[in-house]
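Enquirer: The structure that follows is given in the form of structure tokens.
Since every read-out is calculated from the coordinates, none of them should be taken as a lab result. The structure presented is a predicted model; accordingly, all values stated were derived computationally and were not measured. Every residue, glycine as well, gets a Cβ built from its backbone with ideal geometry; the counts of neighbours run over all protein chains shown.
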């Protein structure tokens with residue numbers, strides 16, 4: 001059973017279906033024989049910015065694939081914008097973690113337009129479709145990137161264009177799977193601020209998955225923390241606590257506040273033990289590629 005903490009919008013019956021962006025009702029998800037989520041229930045309201053956290057393998061990507069209708073639940077039901085989750089819902093925008101190889105010879109405008117070609121089919125570049133690409137670029141403040149080749153863009157600028165692809169057609173729900181991977185802290189902050197601004201302008205719900213809570217503080221309304229097949233939804237202060245995470249993982253977890261920075265610590269050997277040490281100049285996984293250090297799971301400033 002999913003563990004729930006007090007939250008501004010509890011799963012039942014805070015919002016009607018018309019007001020709810022995503023609703024999981026006793027959902028279990030599996031990949032082959034491995035159960036990823038078990039009997040999970042929660043509801044996300046329209047216009048909420050949700051940070052989706054949890055160690056590798058906790059089900060963040062699997063959950064998004066289920067919302068997209070790409071994976072049917074083993075049990076329970078999933079509603080998206082008041083209807084059953086189905087493949088190809090045009091009201092959803094998605095930035096996958098495993099991204100296609102970028103066509104570095106393409107101009108920024110053509111790169112964004114390629115997503116429209118995939119969605120609308122060819123030929124498609126009529127006035128309405130061209131205007132949609134221009135609007136998507138405007139939403140991410142990317143008009144200056146439109147004529148530049150991808151090969152000449154920084155990682156942060158390419159992320160801006162990937163976001164433009166995701167918001168092409170102005171979706172009602174935006175799913176972003178690890179968009180901060182390989183970005184330095186400064187670029188991470190820029191991407192989060194940009195997504196927050198896009199969300200406010202469109203008035204949509206956002207599910208933004210990440211390895212750590214640091215970059216999302218100040219932007220997200222609530223956090224959905226996944227672990228050991230379970231889920232907890234609430235504010236950071238409600239969810240990232242010693243009692244909630246210990247109950248979530250069914251093992252001792254300690255949340256430490258060191259000069260305003262939270263560290264989630266575990267001595268267990270079965271959990272992802274990732275230290276985020278950006279202040280020491282390390283990347284997402286540290287110099288060794290995995291960043292293991294003293295059982296630190298997640299940290300926030």
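Enquirer: Which of the peptides 29-38, 187-196 is most tightly packed, and how do the rest follow, judged by the mean count of other Cβ atoms within 10 Å per residue?
Expert: Working: 29-38: 15.5, 187-196: 19.3.
Ranked by mean Cβ neighbours within 10 Å, highest first: 187-196, 29-38.
Enquirer: Which peptide among 55-63, 204-212 comes first, and what is the full order, when sorted by highest mean count of other Cβ atoms within 10 Å? Please list the in-between numbers first.
Expert: Values: 55-63: 20.7, 204-212: 24.2.
Going by the mean number of other Cβ atoms within 10 Å, highest first, we get 204-212, 55-63.
Enquirer: Two-decimal Rg/Rh of the range 103-169 from alpha-carbon positions, Kirkwood Rh?
Expert: On the way: Rg = 10.8 Å, Rh = 11.5 Å.
Taking Rh as the inverse mean 1/r over Cα pairs, Rg/Rh reads 0.94.
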